[in-house]
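Colleague: Got a structure for you, questions after.
What follows draws every value from the coordinates through simple rules; no lab data is involved. Just so it is clear, the model here is predicted, and its values are computed rather than measured. Cβ atoms come from the backbone with ideal geometry, glycine included; neighbour counts cover every protein chain shown.
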Amino acid sequence: MLIGSIALVVLAAAFAAVFGIWWANASGDDADVRRAREEVSTTGAAAVATLTSLDFNNVDATYQRFLDVSTGAVHDDYAKNQDAFKKRISDAKVVTTAAVRETAVTDVNLQKKVATIMVVVDTTVKESDKPPTTKRLRIEAALDQTDNGWKVNALRQVPYSATGQQ
């Protein structure tokens, strides 16, 4: 009977140890995801603001900021079309500033090093002889985790309709 009790205590201790290690590892994963979500939200929102802001008075700096926050196809497109991109900004004669209103992280996959966010941004466009106009955009951005942090690899504007309409 004493041997059975000791065996039961040893078995219970082993179970508790295994469960404790499993729980600690699971908690660590949750903390990693939570930190990644915060970083993706902050970095992604700033990147979307950058990619929706233009200044024809400072074309080179605008272009460099676009390159700095992008990766993959978005970055390659800017790099490949540098002259046309800079000419478009210069010819537009506008200054566009963006203000992020809301950000939601819709997905983070740390194993694949990818994330997706939805951002509501107000863009104010100022043309030289006209009063500024503001437009609200809803943007979905896909991000990749690079050696230099999270960078935007795809952007798309998300259409919307008023509540109750299709």
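Colleague: Straight-line reach only, C-alpha to C-alpha below 20 angstrom: list the aspartates and glutamates that Lys86 could link to, leaving out same-chain residues fewer than 8 apart.
Modeller: Straight-distance partners of Lys86: Asp55, Asp60, Asp68, Asp76, Asp77, Glu127.
Colleague: Would you compute, for the Cα atoms of the range 63-105, the largest minus smallest coordinate along each principal axis and list the three values in descending order, in whole Å?
Modeller: 34, 27, 12
Colleague: Taking neighbour Cβ counts within 10 Å as the exposure measure, how do Glu39, Glu102, Glu127 sort from fewest upward? Spell out each step's value before the answer.
Modeller: Values: Glu39 17, Glu102 10, Glu127 14.
Listed from fewest to most nearby Cβ atoms, that is Glu102, Glu127, Glu39.
Colleague: A further question follows. Given 0.36 nm per residue, what is the gain on full extension from Val59 to Thr42 after removing their alpha carbon distance, in nm?
Modeller: Extending this stretch completely gives an extra 3.6 nm.
Colleague: Taking a cut-off of 30 Å between Cα atoms, list the lysines near Lys93, but don't count ones fewer than 8 places away on the same chain.
Modeller: Lys80, Lys126, Lys130, Lys135, Lys151
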